[in-house]
Amino acid sequence: MRYWLFKSEPFKWSFDHQKKADAKGQEWDGVRNYQARNFMRDMKIGDRGFFYHSNEGKAVVGIVEIIAEAHPDSTAKDGKWECVDIKALMDMPEPVSLDAVKAEPKLKDMVLVNNSRLSVQPVAPSEFRLICEMGGLDPDTAMTG
């Protein structure tokens, strides 16, 4: 299993919106960055990810799961963009802010710290575990179900 981070501006698509999509989940559409698209191509069903509110809040607020592997993005007109489908799994009891992530020395190499503009990014298992702990989640539950 691999771990990821999905960034969204809450006024466009918040974790509450994601939770309302229920088990059917939601296409993670609209990504127009080649590196982010390529990360989605690497995702497998069952991989887990953080749902991160960007701009407003700047915090990890929930855990999601990949429920459909990369497929054509329904919002793309040119056919070169792909996306995955995700579903909400659980809230982060205490949102983990970007400032808290940056303040943790063990997370200094995290993509979020070094390339905060990338909307879809990988997260190392050790980083995922630590952020779950920081947010009050049992890492074993969040990482494997």
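The values are calculated or read from the model by the stated rules, or taken from the named source; none is laboratory data. As the structure is a prediction and not an experimental result, all values here were calculated from the model. A quick note on method: Cβ atoms are made from the backbone with ideal geometry, for glycine too, and the neighbour counts reach across all protein chains shown. The protein model used for the area step is the full one, side chains on, heavy atoms only, and it has no ligands, DNA or RNA in it. Shrake-Rupley method; radii C 1.70, N 1.55, O 1.52, S 1.80 Å.
Only a single item in (1) part of a strand (DSSP E or B); (2) open to solvent by 20 Å² or more (accessible area, probe 1.4 Å) is not met by Asp109, and it is number (1).
Residues of the stretch 117-136 that are assigned to a loop (DSSP other than H, G, I, E, B) and touching a residue at least 24 places away in the same chain (Cβ under 8 Å): Leu118, Ser119, Ala124, Gly135, Gly136. Scanning the stretch 30-43 for residues that are in contact (Cβ under 8 Å) with a residue 40 or more places away in the chain, open to solvent by 40 Å² or more (accessible area, probe 1.4 Å) and over 21 Å from Val60 (Cβ atoms) returns Arg32, Arg41. When Lys24 is tested against the conditions (1) under 21 Å from Cys132 (Cβ atoms); (2) at pLDDT below 95, the lone failure is (1). Just one of the listed residues (Ala88, Ala76, Ala100) is part of a strand (DSSP E or B), small (Gly, Ala, Ser) and surrounded by 15 or more Cβ atoms within 10 Å (Cβ to Cβ), and it is Ala88. Of the set (1) open to solvent by 30 Å² or more (accessible area, probe 1.4 Å); (2) without any contact (Cβ under 8 Å) to a residue 12 or more places away in the chain, all apply to Pro139 but (1). Scanning the stretch 10-36 for residues that are of a type in the set (D, E, K, R) and either within 13 Å of Gln121 (Cβ to Cβ) or in a helix (DSSP H, G or I) (or both) yields Asp16, Lys19, Lys20, Asp22, Lys24.
Restricting Phe51, Phe39 to those that are aromatic (Phe, Trp, Tyr) and either part of a loop (DSSP other than H, G, I, E, B) or under 18 Å from Pro10 (Cβ atoms) (or both) reduces the list to Phe51.
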